[in-house]
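The values are calculated or read from the model by the stated rules, or taken from the named source; none is laboratory data. Small disclaimer: the values here were computed from a predicted structure and weren't measured. Methodologically, a virtual Cβ is constructed for each residue, glycine included, from the backbone with ideal geometry; neighbour enumeration extends over all protein chains shown. Heads up: the accessible areas ignore ligands, DNA and RNA and are worked out on the full protein's heavy atoms, side chains in. Shrake-Rupley method; radii C 1.70, N 1.55, O 1.52, S 1.80 Å.
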There are 2 protein chains.
Amino acid sequence: MTGATGAARALARCDALAELSSLPGAVERVSFSPEHRGANALVGGWMAEAALLVRQDAAGNVCGRLEGERPGLPALVLGSHLDTVTDAGRYDGMLGVLLAIEVADRIDTRSLPFALEVIGFTDEEGTRFGNALFGSRAFAGRVGDDWLATPDRKGVTVAQAMTGFGLDPTSIGDAARRPEDLVGYLETHIEQGPHLLDAGRSLGVVTAIAGARRFALQVTGRAGHAGGTPYARRRDAAVAAAEIVIAVERISIETGTIGTVGRIRAFPGGVNVVPGVCRFSLDLRAEQDEQRDAAFARIDAAAREVCERRGVTWSWEELYRADATTCDPALVAAIESGIRAAGDDEPMRIWSRAGHDGMAVTDVTGIAMLFLRCGNDGISHHPDETVTEADTADALEAFAAAVLAVADQHRA
Amino acid sequence: MTGATGAARALARCDALAELSSLPGAVERVSFSPEHRGANALVGGWMAEAALLVRQDAAGNVCGRLEGERPGLPALVLGSHLDTVTDAGRYDGMLGVLLAIEVADRIDTRSLPFALEVIGFTDEEGTRFGNALFGSRAFAGRVGDDWLATPDRKGVTVAQAMTGFGLDPTSIGDAARRPEDLVGYLETHIEQGPHLLDAGRSLGVVTAIAGARRFALQVTGRAGHAGGTPYARRRDAAVAAAEIVIAVERISIETGTIGTVGRIRAFPGGVNVVPGVCRFSLDLRAEQDEQRDAAFARIDAAAREVCERRGVTWSWEELYRADATTCDPALVAAIESGIRAAGDDEPMRIWSRAGHDGMAVTDVTGIAMLFLRCGNDGISHHPDETVTEADTADALEAFAAAVLAVADQHRA
C-alpha cells in the first residue's frame, strides 16, 4: 500500500469513527460510553486486519502489538486518543491512531530491534469527568483512587462508569507499563493551531508540550427575585463571574499565556432570578510553567478584588495540572529524519499549545510528536477541523520513516 | 376560625406544597409536571373542605367557586399561582392562593352581591417554557397557537405537555372568562422586595405592576481548541457575552431600570474549548414602559458594539412582553379599606417591581393587589424567602375585609 492510499484509508476511517457519536449530527465520544465501546471495537478490528494482536487494557485503552525480530522485546509505542470533546472535529486524536495502524501495516516489524505497539487511548480530553489524560495516565501507572471517585455531571464516578463498561476499576494498575518494556512513544497529531499553515509547511516536529492547569471556578452570591431585589442589595454571581471572565482574557494577553473559560453556567438559571451561583472553568497554559503559574496568581487576585467589591464569595478547585513536557532529543531527531524522508529538508520545530497523551507517557518512557497541518485557520475542537489528504500522506511517510530511524538508532 | 389560626393553617399548607417538588431538598414545581398535578389535587381538596365547588380548567388552573346571594352571579376572583421558579421559596404565589381559600372559608358568601372564586394559576413564572403568565393569559383568552408550540429545554411543546397532563390544547379557549362574568380580581402576594420591611409595615397596596420584557440573547462566534487558537484568531462567544452582561448592569443602573441576566451558558461547554456560542437571558423592567424600552435600545447598541469589535454575531429574540399595569382605583380603595381594618390607618402604596397574574387578568376585569412583608432583606425566588405568621394574619384580616369592602361598593 502506498502512502497516498494509506492516507486515504486513514481519513475514511476517521469518517467512520465520526459516526460513533452521542450527538445527532455532531461528534461527541466520551469515555466509557457506548460510543467508546464502538470505537474500540472498530479500531481493534482494523488493528487485527493489519495483523496486530489486539486487546483492551484495564483502563479501556485499545492496544495492538506486532512482535519485532524476536518475541517479547520492549515496544516502541505509536498512538493517540479515540475520545473527543463535544461537537468535535473528526481528526483530533483519531487520525494519529489510524496513521499508527497504517505504519504498522507498512513496516515489516520482523526486522525491527523492538516490538511495535499501537494504542488508542481513552479520555485524553477529559470531556466527561473534567480530568484529562485518563488512559495515558493509567498507562503510566498514575491513576489513583481520587481520580476513580471523580463524578461526571450526572454523579456517575469514573469507577462506576468503568464497571458499567465491563472494566474492574480495582485492576486499573494492570494498565500500567514498566519503563523497561518500552523503547519510546511517538504520536502523530493535527497541530490544532495555525502555525504550520502560516509557515506553509505540511509537517512539524514538536519539541515540548506546554503545561496546562485546569480549574473549576465558582462565585457564590445570593439568588433573589429579578424584580424585587434592588441593585444595592444584589449579590449577583453572574455579573461577578462576567468581570472575572474578562480579567482572564486581559491577564492572559498581558502575560503571554493562554487562558480560556470554556464553560460557564449560572444557577438556579431562572430568567427572572438573580443568579446565586455561577460556575465556570479555566484552562491556562504557557510555554513555561512559571509564566503560567504567575498568570494564575494574577487572575486569582483580580477575582478576589471583584468578589470583595461585589459582596460575593470566590472559590476555585484545581481539576488538573500538567507541567510542561520536553520531548526526548533522540526521538525528536528520529521525527526530523522522518520529515526529511517525506521531502522537507528543514523540519520546522514547534511547541505544542495543546496537551497530549505524551505528557502522561513521558513518566515511563521518552516521547516525541509529529504535527500535521490543519486547514481552516488551524481550527480544532470544532466540526470545521480539517486536514488534506496530501498532508496526511506526508505525515504517514514521515511517521513510518521515523520508526525506521528509531530502529537505526537502536542498532547503532 | 380566627385570623391567627387561619394564617397558621395557610402557612402549614405552604409547607405541604413545598414537598411537591421535582428537586430533592429544594423547591421546583413547573407547569404540566407530576408536581403540578399533585399541587392541584392538594389545593382542590382544601378548596372542597371550605365548601367550594372545584374544577380544573382547560389551562390547568385549579378553580373553586362559592355562589353569592343567588346562583350564577358574576364572580369576584381571588387568587395567585401554584408554580415556582427553580430552587424557590415556599410563599411566592402559593400563600396568596391559600389565603384566598381562608377568606372563602371565613366569609358567608350567601350575603354577597357576587359569587366568590378562588383560583390557583399555573405557570406564572415561565420556568419551563420561558414564557410567563400562561394560566392567567388563558383566563383572559390570550393564549394562541404560537404559545402552544413553544418547546421546553427538552423539546416538549406546551401543547404536548398539556396533552401528557390530560388536557386538550385545542380547548384552551374554554379557560377564557368573559368580562360580564367577573366583578374583579384581588391577589395577595409577598412583596418580593425590601420596601415594606424598610418602611416597618406588614402590608401595602399595589397601585401598578411594572412592565417587563424578557429576551433570549445569543452571541455566536467560533469554537476552537483552547490551546491552539491564538487570541488574534479567537471569536470567543463567552467573553463577548461577559462584556454584555456587565453592560446590562451598568445601563440598568444608569437608566433607573432593573435588568437581570438570570441564565447564561456557553457551548459546546468543554473546559478546553473556546466557546462558539453563548446563550443568556435578559429580564428588563421599569415603572414606565418607555424607560424600559429606552434601556433595551441602549443595551442592544452596546452589545452590537461589543460583537462588532470581537468579530462575533449578536442576536436576540423577545420571549415575553408585558406593559405596565395600573390597578383598578375602586379595588385599590377596597384593599386600602382592608388594610385599615387590619389596624394600619395609613396604607402604604407601592408599585410592584415583580410581574403578577394580574397583568394578564387586567385584560378581562379590574385588578388590585395586597402585598405582605418579606423577611430576610426581602429576598424571594430563593429558599430563604420568609414571612411571619403575624404578618400573614394581618394579610388575611385585610384580604377578607377588602372582599367585604368590594361588596359594600357593589351595594352602594
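Descriptive notes on the structure:
- Under 13 Å from a label point set 7 Å out along the Cα-to-Cβ vector of A:Asp174, the amide N atoms of the stretch A:51-91 belong to A:55-61.
- Between helix A:237-255 and chain A: long-axis angle, C-alpha atoms, 0 to 90°, nearest 10: 50 degrees
- Considering only chain B, percent of DSSP beta bridges that pair antiparallel, nearest 5: 70 percent
- In order along the stretch B:195-203, the phi-based Karplus estimate (6.51 cos²θ - 1.76 cosθ + 1.60, θ = phi - 60°) of 3J(HN,Hα) comes to 5, 5, 4, 5, 8, x, 10, 7, 10 Hz; Gly and Pro are listed as x.
- Between helix A:3-18 and chain A: long-axis angle, C-alpha atoms, 0 to 90°, nearest 10: 40 degrees
- Taken per residue, the accessible surface of the stretch A:211-321 reaches 34 Å², heavy atoms only and a 1.4 Å probe.
- 7 Å along Cα→Cβ, label-point gaps from B:Asp181 to other copies, nm, shortest first: 7.9
- Shielding by partners, peptide A:211-220 (average Cβ within 10 angstrom, other chains): 1
- Between identical copies, the spacing of A:Gly375 label points, each set 7 Å from Cα toward the C-beta atom, reads 6.6 nm from nearest to farthest.
- Neighbourhood charge, 11 Å Cβ-Cβ cut-off, centred on A:Asp236 and excluding it, Lys, Arg +1 and Asp, Glu -1: +3
- Nearest 10 degrees, 0 to 90: helix B:289-310 Cα axis against chain B principal axis: 20 degrees
- Drop in accessible area of at least 30 Å² in the complex versus isolated chain, residues of the stretch A:65-91, 1.4 Å probe: A:Thr86
- Working note: Karplus 6.51/-1.76/1.60 with θ = phi - 60° gives the stretch A:363-369 the couplings 5, 10, 7, x, 9, 8, 9 Hz, where Gly and Pro are set to x.
- Calculation over all alpha carbon pairs of the stretch A:211-321 in 10 angstrom steps from 0 returns a P(r) of 16, 45, 27, 10, 2 percent.
- For residues of B:45-55, the mean tally of beta carbons on other chains within 10 Å: 0
- Ordering of A:103-113, B:123-133, B:57-67 by burial proxy (mean other Cβ atoms within 10 Å per residue, highest first): B:123-133, B:57-67, A:103-113
- For chain B, the relative contact order comes to 21 percent (Cα pairs under 8 Å, sequence separation of at least 6).
- At the listed q of 0.05, 0.09 Å⁻¹, the Debye profile of the protein assembly as shown, built from one uniform point per Cα, gives log10 I(q)/I(0) equal to -0.35, -0.86.
- Spin-label model, B:Ala149 to B:Arg233: label points 7 Å out along the Cα-to-beta-carbon direction sit 4.1 nm apart.
- Protection proxy ranking of A:353-359, B:80-86, B:386-392, A:24-30, by the mean of other Cβ atoms within 10 Å over each peptide's residues and highest first, is B:80-86, A:353-359, B:386-392, A:24-30.
- Residues of the stretch B:1-146: accessible area per residue with a 1.4 Å probe, Å²: 32 Å²
- Shown for the stretch B:23-67: the carbon plus sulfur share of the solvent-accessible area, taken with all protein chains present and a 1.4 angstrom probe, equals 62%.
- For the rotational copy relationship between A and B, the axis lies nearest to a chain A beta carbon, identified with its distance in whole angstrom as A:Ala242, 2.
- For the stretch A:269-393, relative contact order (Cα pairs under 8 Å, six or more residues apart, normalised by length) works out to 18 percent.
- Label-point separation in nm, A:Thr163 to B:Arg340, each point 7 Å along Cα→Cβ: 7.1 nm
- Residues whose placed amide H lies under 5 Å from that of B:Leu319, excluding near-sequence neighbours: B:Arg214, B:Phe215, B:Ala216
- Couplings 3J(HN,Hα) for the stretch B:388-397, derived from phi with the Karplus relation 6.51 cos²θ - 1.76 cosθ + 1.60 (θ = phi - 60°), are 9, 5, 5, 5, 5, 5, 4, 5, 5, 4 Hz, where x marks Gly and Pro.
- Simple spin-label estimate for B:Arg250 and A:Arg142 gives 4.3 nm between the two label positions (7 Å along the Cα-to-Cβ direction from each Cα).
- Other residues lying with their Cβ under 12 Å from the Cβ of A:Gly6 contribute a combined charge of -2, Lys and Arg counting +1, Asp and Glu -1.
- Protein accessible area in the stretch A:235-300, 1.4 Å probe - carbon and sulfur %: 51 percent
- Bridge type composition, the protein assembly as shown - antiparallel percent by DSSP, nearest 5: 70 percent
- Across the identical copies, how the A:Lys154 labels are spaced - nm, sorted shortest first, 7 Å along Cα→Cβ: 1.3
- Counting Cβ atoms of other protein chains within 10 Å of each residue's Cβ and taking the mean over peptide A:238-251 gives 5.
- Its DSSP H runs of at least 4 residues, each contributing -39,500 (n - 2.57), put the calculated 222 nm mean residue ellipticity of chain A at -11500 deg cm²/dmol, to the nearest 500.
- For the pair A and B, the buried accessible area comes to roughly 5400 Å² in total, with a 1.4 Å probe and the value rounded to the nearest 100.
- Sequence-distant residues sharing a close amide H with A:Cys327 (under 5 Å, placed H): A:Ala208, A:Ile209
- Highest-first arrangement of A:93-100, B:178-185, where packing means the average Cβ count within 10 Å: A:93-100, B:178-185
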